[in-house]
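The values are calculated or read from the model by the stated rules, or taken from the named source; none is laboratory data. Quick caveat, the model's predicted, so the values are computed rather than measured. All Cβ positions, glycine included, derive from the backbone under ideal geometry; neighbour counts span all protein chains shown.
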Amino acid sequence: MSVDRALQGVLMILVLIGAGALAARLGHLTEELEASLSRLTINFSVPALLFSSTVTHISRDFLRQAGWLLLIPFGCMLLGYGLGFALRVLCRVPRGDTGVFLVMFALSNSIFIGLPVAMEIFGEPAMPYVVTYFPFNTTLFWTLGNLGIAADGGRRPASVGAAVRKIFSPPFIGFLAGFAAALTGLALPPFLMQSLTYLGNLTIPVTLLTTGAVLSRMGRASLRLGRAGWLTLLGRLVLMPGTTMAACLLCGAPPMMTGVFTMIAAMPVMNQCVIMARIHGANHRLAAQMLTVSTLFSLAGIPLWVLVLRWLT
């Protein structure tokens, strides 16, 4: 883990986010185009990336060596839900924002921001841990998270069938297909794997450009935070990565696993939180504000967490 590499990674991310913001200001990246690119990413490039990365980096030997330690993020996310609920009560966050607040506090942007950050800081060896972190994060979002956001908006909880369909989104199906192929030793033709790799390579630049477009539209008003906003930053930048790192160290996780899980736990609010809050009639303005602010603050916090990890691991 190099501080210089972390800084280079942050600068790369800032350049691409800045390019997206500039493109939006110049009218080249409109809201309609941004929405189309987001759908392209979620339905095509992310599933391709997760499939090819899982096939390439996950194996029986890796799973046997890592074992139950791969469950650490899942346990920490559940603990984060408990911590977030306690802080909501103690600090009197409005009850109607509970579902949105808990998702923002406990769950991270593991793919759209976490993936490029992990790749820039740790390189290819980070991929097995990124792709195993993702299914826990997305499963909790589409179950506990989605139900909580729906409750904020006064909507009835979705049926079990609807919840299951949400969990099995295209990215999750891409991961499962890649996982099955890796475990069975299925070898795809080289031309197909290369095609999926090229398609997956769209993920990082496109997601960072669209993130920049979102940030540019939020404006300076998004930087004025209320109680829920400050508590979200406390969770995203301090408590969740700190809890994850402590759990990894106590359980004897290897340094690479500890570093990747900690950094992903420190990532910003999930993009999907904003989308589902709008759909359910919950506080989508709070979610959009914290997507903006947590992204900016997390970029500043990345080198600090690299320093902490270098000192402790």
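What the table shows:
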| quantity | calculated |
| --- | --- |
| First in the range 272-283 and free of Cβ contacts under 8 Å to residues at least 40 places away in the same chain, second anywhere and of a type outside the set (Val, Ile, Thr) and in a helix (DSSP H, G or I), Cβ under 6 Å, 6 or more apart | 274/284; 274/287; 274/288; 274/291; 278/284 |
| Some residue of the range 87-101 being of a type outside the set (A, V, I, L, M) and either under 16 Å from the mean Cα position of the chain (by Cα) or at pLDDT below 85 (or both) | yes |
| Given (1) farther than 17 Å from residue 289 by Cα; (2) in contact with a Lys or Arg (Cβ under 8 Å, 6 or more places away or on another chain), number of the condition residue 244 does not satisfy | (2) |
| Positions within the range 1-39 being among the polar types (S, T, N, Q) and over 30 Å from residue 255 (Cβ atoms), in sequence order | 30, 36, 38 |
| Residue that is surrounded by the most Cβ atoms within 10 Å (Cβ to Cβ), among those in the range 272-291 that are assigned to a helix (DSSP H, G or I) and of a type outside the set (A, V, I, L, M) | 273 |
| Number of the condition not met by residue 294 [criteria: (1) assigned to a helix (DSSP H, G or I); (2) surrounded by fewer than 22 Cβ atoms within 10 Å (Cβ to Cβ); (3) of a type in the set (Gly, Ala, Ser)] | (2) |
| Which numbered condition residue 268 fails, given (1) at pLDDT 95 or above; (2) buried (at least 24 other Cβ atoms within 10 Å of the Cβ) | (1) |
| Test: residue in the range 46-62 that is of a type in the set (A, V, I, L, M) and part of a loop (DSSP other than H, G, I, E, B) | yes |
| Residue 55 being among the β-branched types (Val, Ile, Thr), crowded, with 20+ Cβ neighbours inside 10 Å and within 15 Å of residue 232 (Cβ to Cβ) | no |
